[in-house]
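The values are calculated or read from the model by the stated rules, or taken from the named source; none is laboratory data. What you are looking at is a predicted structure, and each value in this text was computed from that prediction instead of being measured. Cβ placement follows ideal geometry from the backbone for every residue including glycine, while neighbour counts extend to all protein chains displayed. Accessible surface areas use protein heavy atoms only, side chains included; no ligands, DNA or RNA. Shrake-Rupley method; radii C 1.70, N 1.55, O 1.52, S 1.80 Å.
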Amino acid sequence: MSDALHRPAHGDPVRKRLTTSDGVHLDSAFLRGPGERTTAVVLANGFTGTWRSPLTRMIASVLLTVGDVMTFDFRGHHGSDGHCTVGNEEVHDLEAVVAHLRDSGYTEIATVGFSMGAAVAVRHAAMFGGVAAVVAVSGPGQWYYRDSKRMRLLHFGVEQAVGRWFLRVARKVRVTDRQWDPVPPDPVELAPGIAPGALLVVHGDADSYFPVEHAERLYGAANEPKDLWIVPGMGHAERAVRPEIARRIATWLAEHTGEGARA
């Protein structure tokens, strides 16, 4: 299912190739903290994101206080194979990472998603289960949202041939030209299925892609245990997550996984 390219020192990323249930090879990086641990955290980037990003690596290093951390590139992104479906088939990517960690001996796994990755993390928890906690940062409450300038531009990028060409050349993201069939349920529809893990919804009131109503609807649809943070001045996804927010997320995860959850 995977192969380690080298043996890491603590905190150094280990490159791994993972294979999804539908045969897509993913590029990932694993960060190991000191000692033997049973908790792991998976980071799921937003659209066009990569584990190589300095911001993603900063967040991963902060979350090492909770457990070992695995980051990866979604299908069609950077070093991963296949084509991006902008949140549909990506649920198999996240399950491949979670399954790999479970097979490696981790008994408690949390997922932290950003934007598209947040929607995938919610879908994954509802469809597959088996995660102790889900953090959805800057995620949409519904598909096909076009009521912001940024989202209209994003839809142009993924729906038009010239937009897909630009994404492939400039952002190293290969987007499929196929329509969703069938269309998966909205994240808000799936939120009640997140059980028994806890859900944290994080959203900035300066998000230029999705207004805070998306976060409020997602939070309102979910069952307890759940928390909602509307962060003043915060923008969208990984680029807006400052170290202090990452540390708050780490503290929340520590309370809902491992010894913190049992207490």
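Any chance segment 165-187 includes a residue that's free of Cβ contacts under 8 Å to residues at least 24 places away in the same chain, under 29 Å from Asp81 (Cα atoms) and of a type in the set (Gly, Ala, Ser)? Taking every residue of segment 165-187 in turn, at least one turns out to be free of Cβ contacts under 8 Å to residues at least 24 places away in the same chain, under 29 Å from Asp81 (Cα atoms) and of a type in the set (Gly, Ala, Ser). When restricted to residues that are in a loop (DSSP other than H, G, I, E, B) and not hydrophobic (A, V, I, L, M, F, W, C), segment 220-241 contains 7.
Here is a yes/no grid of residues against (1) more than 23 Å from Phe156 (Cα to Cα); (2) surrounded by fewer than 24 Cβ atoms within 10 Å (Cβ to Cβ); (3) in contact with a strand residue (DSSP E or B) (Cβ under 9 Å, 6 or more places away or on another chain); (4) not polar (S, T, N, Q):
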position	(1), (2), (3), (4)
Gly33	yes, yes, yes, yes
Val41	yes, no, yes, yes
Thr50	no, yes, yes, no
Gly67	yes, no, yes, yes
Phe74	no, no, yes, yes
Glu95	yes, yes, no, yes
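Test Tyr144 against the stated conditions and say whether it is in contact with a Lys or Arg (Cβ under 8 Å, 6 or more places away or on another chain) and among the aromatic types (Phe, Trp, Tyr). Spelling it out, it is not the case that Tyr144 is in contact with a Lys or Arg (Cβ under 8 Å, 6 or more places away or on another chain) and among the aromatic types (Phe, Trp, Tyr). Scanning segment 11-34 for residues that are part of a strand (DSSP E or B) and of a type in the set (A, V, I, L, M) yields Val14, Leu18, Leu26, Ala29, Leu31.
Every residue in segment 83-93 that is open to solvent by 30 Å² or more (accessible area, probe 1.4 Å) and either touching a strand residue (DSSP E or B) at 6+ places or on another chain (Cβ under 8 Å) or under 18 Å from Leu63 (Cβ atoms) (or both), please. His83, Val86 - these are the residues of segment 83-93 that are open to solvent by 30 Å² or more (accessible area, probe 1.4 Å) and either touching a strand residue (DSSP E or B) at 6+ places or on another chain (Cβ under 8 Å) or under 18 Å from Leu63 (Cβ atoms) (or both).
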